[in-house]
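Remarks on the structure that follows.
The values are calculated or read from the model by the stated rules, or taken from the named source; none is laboratory data. Only a predicted model underlies this, so the values are computations on that prediction, with no experimental measurement involved. All Cβ positions, even for glycine, are placed from backbone atoms using ideal geometry, and neighbour counts span all protein chains on display.
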Amino acid sequence: MARKKHIDNFPTFDQLIIPTLKALIKLGGSGTIEEINETVYVLANLSEEILQVLHDENGIKTEVDYRLAWSRTYLKKFGLIDNSSRGVWALTNSDLNITTVDPDIIVKTVRDQHNKEHTKNYKSEDEEISDQMEEISDWKEKLLLTLFKISADAFERLAQRLLRESGFVQVEVTGKSGDGGIDGKGIVKISGFLSFHVIFQCKRYKGTISPSQVRDFRGAMQGRADKGLFITTGTFTREAIKEATRDGAPPIDLIDGDLLCEKLREYKLGVETTLIEKFDINTEWFSKL
């Protein structure tokens, strides 16, 4: 995947505001970040070259996704969209007339609002948003660096534990040379009635997984499982994602580094969430004593 560099016609975050709203409308008014971003890629006609540029050397987030996060932040502060605790973003008004939306007005309004709430000693609104987003990705970077330090066997056992926590049964690590890259297998049950045999592969990559690697994995799982699961600390190219869901071929679910971090956090596997208490002093209460 390309490193951050100058590319002609690279969209700014404000240029992605309208495509973000159009994506939500196309999705029926709400969607996950992944659904919204994928829809924006198409609506904005973003090239593969643009989509492959990383935001930084850690390789967790692409530059486009980073700027789309800014777009959502500005739209939320302006009041056009909101998000739930489950990470679903939605329009605040289902009857939104997108022709009346002016990105320049949104940016100016949000920044003016920020300037009124903060003195000149505070960081600029852009710096504040950037810091918030870097803080979100910081723990993921540390987690991925930790995963790179453990042994390959330990990483496979981690995948085994994660699948068990997710509801899989009979999960086994079977990785061995000459097995086409298959590292393990398990069974997932749906509502206690349907069951699917799943084969998984684990790759600790800092780079990207190509469509050929997905095809090789599919070839190894042919006739041995109902579904495949590809787990990596890296990312998947768009062509690899398309290959994983190609019509007529056994489906393969993909877990990239970002999603892997989220799942480890969700199941509290090596990731602890610390809640910081905040104390507000009610001076009015004391004045009435």
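When you look at THR62, is it out of contact with any helix residue (DSSP H, G or I) (no Cβ under 6 Å at 6 or more places or on another chain), modelled with pLDDT under 95 and not assigned by TED's automatic domain parsing to the domain that holds GLU239, yes or no?
On the way: out of contact with any helix residue (DSSP H, G or I) (no Cβ under 6 Å at 6 or more places or on another chain): yes; modelled with pLDDT under 95: yes; not assigned by TED's automatic domain parsing to the domain that holds GLU239: yes.
So THR62 passes the test.
Residues that are under 30 Å from LEU147 (Cβ atoms): list the helices (runs of 4 or more DSSP H) wholly contained in segment 10-93 that include at least 2 such residues.
Details: elements: 17-26, 33-43, 48-51, 63-78.
Per the criteria, 33-43, 48-51, 63-78.
Could we say that ILE281 is touching a helix residue (DSSP H, G or I) at 6+ places or on another chain (Cβ under 6 Å) and either in a loop (DSSP other than H, G, I, E, B) or surrounded by 19 or more Cβ atoms within 10 Å (Cβ to Cβ) (or both) here? Lay out the reasoning, then the answer.
Numbers: touching a helix residue (DSSP H, G or I) at 6+ places or on another chain (Cβ under 6 Å): no; either in a loop (DSSP other than H, G, I, E, B) or surrounded by 19 or more Cβ atoms within 10 Å (Cβ to Cβ) (or both): yes.
Considered against the rule, which asks whether it is touching a helix residue (DSSP H, G or I) at 6+ places or on another chain (Cβ under 6 Å) and either in a loop (DSSP other than H, G, I, E, B) or surrounded by 19 or more Cβ atoms within 10 Å (Cβ to Cβ) (or both), ILE281 comes out as no.
State whether one or more residues within segment 96-106 are at pLDDT below 90 and surrounded by fewer than 16 Cβ atoms within 10 Å (Cβ to Cβ).
no
Take the conditions at pLDDT below 80, surrounded by 15 or more Cβ atoms within 10 Å (Cβ to Cβ) and not in a helix (DSSP H, G or I) and apply them to ILE129. Does it pass?
Working: at pLDDT below 80: yes; surrounded by 15 or more Cβ atoms within 10 Å (Cβ to Cβ): yes; not in a helix (DSSP H, G or I): no.
No, not satisfied.
Can you tell me which condition ASN83 does not meet? The list is (1) in contact (Cβ under 8 Å) with a residue 24 or more places away in the chain; (2) in contact with a strand residue (DSSP E or B) (Cβ under 6 Å, 6 or more places away or on another chain); (3) of a type outside the set (A, V, I, L, M, F, W, C), and all the others hold.
With (1) in contact (Cβ under 8 Å) with a residue 24 or more places away in the chain; (2) in contact with a strand residue (DSSP E or B) (Cβ under 6 Å, 6 or more places away or on another chain); (3) of a type outside the set (A, V, I, L, M, F, W, C) applied to ASN83, the lone miss is (1).
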